[in-house]
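These notes are about the structure you will find just below.
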Amino acid sequence: MIRLAYRSHLKMLLRLLVTHFLRQMAQEKVMDAVTQAAREHSGQVEGQDLQPEELPMCDIGIVFATGVESGGVVDQLEAARHTSSPSLTEYSGVFHGTPVVVWETGMGREAAARATEELIRTHSPKWVVSTGFAAALSPELARGHVLMPNRIVDLHGSQLDVGFTVADEVAEASPWLHIGDLLTVDEVMRQPARRRSLHQETNALACDMETLGVAEACRAHKQRFMAVRVVSDAVDDTLPPAIENLMEQKSWAGKLGAASGALLKSPATIKQWWELKEQATKLSDRLARFLSGVVTQLPAE
């Protein structure tokens with residue numbers, strides 16, 4: 001029974017690890033290679049080449065890092081169309097009456113910046129929205145809370161004012177909605193002590209790994225931009241020991257070995273993984289509900 005459970009849940013486990021910030025696995029050399037390949041080859045739509053004249057125009061380009069984060073929005077698309085290339089995945093369709101394209105860019109700031117530039121070039125959106133999960137740095141933000149940053153910063157002194165946010169009185173009337181700085185970092189911030197120190201150092205409310213890359217690409221192209229993040233980890237949240245051990249492994253072989261060992265040692269680990277996956281799905285759906293209200297209010301001109 002244990003071996004059967006391991007086999008049936010292994011695929012789910014790998015997807016889950018991406019959900020919970022296994023972003024260090026996207027090594028820069030690999031990302032560069034697949035991005036170059038994407039530039040040299042066209043994507044595929046239902047088995048046919050996607051010709052330039054077929055690329056859909058859109059009102060809003062919505063940029064996620066991973067499919068787990070984008071799932072809530074993708075599930076609500078009408079007239080959806082799926083496009084894939086070696087380095088990213090695209091969905092186009094109508095989201096609550098608004099034509100959109102949804103891009104899953106891959107993990108990290110540089111991947112997000114490169115994809116955003118391509119998104120702007122190919123689709124000419126009126127707005128680009130950087131969105132997905134974030135880890136809280138301030139104890140004010142609980143899991144499931146939403147951050148609409150008015151400024152994006154990093155640890156090297158870069159900063160970019162968003163220029164579009166909700167009124168303070170709206171945020172004050174919604175205790176789960178926060179306005180403030182979002183910090184873009186280069187690695188996963190898993191330890192509560194490190195998150196708290198980053199809050200003290202930068203005054204940022206939460207951190208992610210992509211938004212400043214998207215924002216800088218938009219600024220370079222004079223593209224209107226905003227960001228929305230849902231909190232997936234409160235400042236003091238920690239992962240179960242078995243998953244923490246997996247994250248410390250540097251290779252696929254090490255991760256698979258750790259997964260096998262954890263499942264054989266304690267079948268209850270499966271329940272933990274399943275609960276985390278369910279949590280990620282609920283957060284993605286919550287984010288989609290919030291975005292549905294945002295996209296209908298963005299000025300078209």
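Tabulated results
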item: Where a residue in segment 273-301 is closer than 15 Å to V231 by Cα and open to solvent by less than 10 Å² (accessible area, probe 1.4 Å) and its partner, wherever it lies, is in a helix (DSSP H, G or I) and not aliphatic (A, V, I, L, M), with Cβ under 7 Å and at least six apart; result: A280/T19; S284/E69; S284/G71; S284/G72; L287/G72; A288/G72
item: Those residues of segment 123-149 which are open to solvent by 60 Å² or more (accessible area, probe 1.4 Å) and farther than 27 Å from E90 by Cα, in sequence order; result: P139, E140, R143
item: Hits in segment 98-119 - residues which are of a type in the set (S, T, N, Q) and under 12 Å from A65 (Cβ atoms); result: T105, T116
item: Condition check for R194: more than 14 Å from the chain's Cα centre (by Cα) and assigned to a loop (DSSP other than H, G, I, E, B); result: no
item: Qualifying residue in segment 115-122 (condition: open to solvent by 50 Å² or more (accessible area, probe 1.4 Å), closer than 14 Å to G213 by Cβ and either charged (D, E, K, R) or outside any strand (DSSP E or B) (or both)); result: yes
item: Conditions (1) at pLDDT 85 or above; (2) open to solvent by less than 20 Å² (accessible area, probe 1.4 Å); number of the one not met by A171; result: (1)
item: Residue among I179, I152 that alone is hydrophobic (A, V, I, L, M, F, W, C), modelled with pLDDT of 90 or more, in contact with a Leu (Cβ under 7 Å, 6 or more places away or on another chain) and outside any loop (DSSP other than H, G, I, E, B); result: I152
item: Residues (aliphatic (A, V, I, L, M) and in contact with a strand residue (DSSP E or B) (Cβ under 8 Å, 6 or more places away or on another chain)) located in segment 101-129; result: V101, V102, A112, A115, L119, I120, V128, V129
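Rundown of residues vs (1) modelled with pLDDT of 95 or more; (2) open to solvent by less than 60 Å² (accessible area, probe 1.4 Å); (3) among the hydrophobic types (A, V, I, L, M, F, W, C), yes/no style:
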site: V166; (1), (2), (3): no, yes, yes
site: V185; (1), (2), (3): yes, yes, yes
site: V188; (1), (2), (3): no, yes, yes
site: R196; (1), (2), (3): yes, no, no
site: C207; (1), (2), (3): yes, yes, yes
site: E210; (1), (2), (3): yes, yes, no
site: A242; (1), (2), (3): no, yes, yes
site: W252; (1), (2), (3): no, no, yes
site: S260; (1), (2), (3): no, yes, no
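The values are calculated or read from the model by the stated rules, or taken from the named source; none is laboratory data. Being a predicted model, the structure only gives us computed values, none of them experimental. Glycine gets a Cβ as well: all are built from the backbone with ideal geometry, and neighbour counts include every protein chain shown. We work out accessible area using only protein heavy atoms, side chains counted, and drop any ligands, DNA or RNA first. Shrake-Rupley method; radii C 1.70, N 1.55, O 1.52, S 1.80 Å.
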